[in-house]
């Protein structure tokens, strides 16, 4: 993902008049696709987090209760995020080929 961010920053600099070579349109499209995929994943994770907060609130759990539950689930969320990041990177690699 860092590669995509850097590429899009450089593209934006070129677009604003920086004295650099024009980016390849195909590669630009691939990088935009990768950025969109990452944003979709982040949006999904945000929605899942909101649902979890609503669930805790509906169940009348206190902040301490929810913190204990979240602590246990944090590792699972990390693993899910890592898997999604790997999936997005694999998708980018597939698009580039």
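A few points about this structure:
- Using a simple spin-label model with pseudo-atoms 7 Å out from Cα toward Cβ, residue 13 and residue 66 lie 4.2 nm apart.
- Per-residue ellipticity at 222 nm computed for the chain from its helices equals -30500 deg cm²/dmol, with DSSP H segments shorter than 4 residues left out and the rest contributing -39,500 (n - 2.57).
- Crossing angle, helix 63-96 versus the chain [Cα axis fit, 0-90 degrees, rounded to tens]: 20
- Taking the C-alpha atoms only, the angle from helix 25-58 to the longest principal axis of the chain is near 10 degrees.
- Stretch gain in nm, segment residue 94-residue 40, where the contour uses 0.36 nm per residue and the Cα spacing is subtracted: 17.7 nm
- In this simple spin-label model, placing a label point 7 Å from the Cα along the Cα-to-Cβ direction at both residue 6 and residue 53 gives a separation of 3.4 nm.
- If you run the Gaussian network model on the chain, springs between alpha carbon atoms under 10 Å, then out of 18, 35, 85 the most flexible one is 18.
- Expressed as a fraction of 2.2 N^0.38 Å, the C-alpha radius of gyration for segment 1-50 is 1.39.
- Using alpha-carbon coordinates, inclination of helix 2-15 to the longest axis of the chain, degrees: 50
- For segment 25-96, projected area of the alpha-carbon convex hull averaged over all directions, nm²: 5.1
- The chain: relative contact order as a whole-number percent, Cα under 8 Å and 6+ apart: 38
Readers should treat all values here as calculations from the given coordinates under stated rules, not as data from a laboratory. These numbers were taken from a predicted model, which means no experiment stands behind them. Using ideal geometry, Cβ is built from the backbone for each residue, glycine included, and neighbour counts are taken over all protein chains shown.
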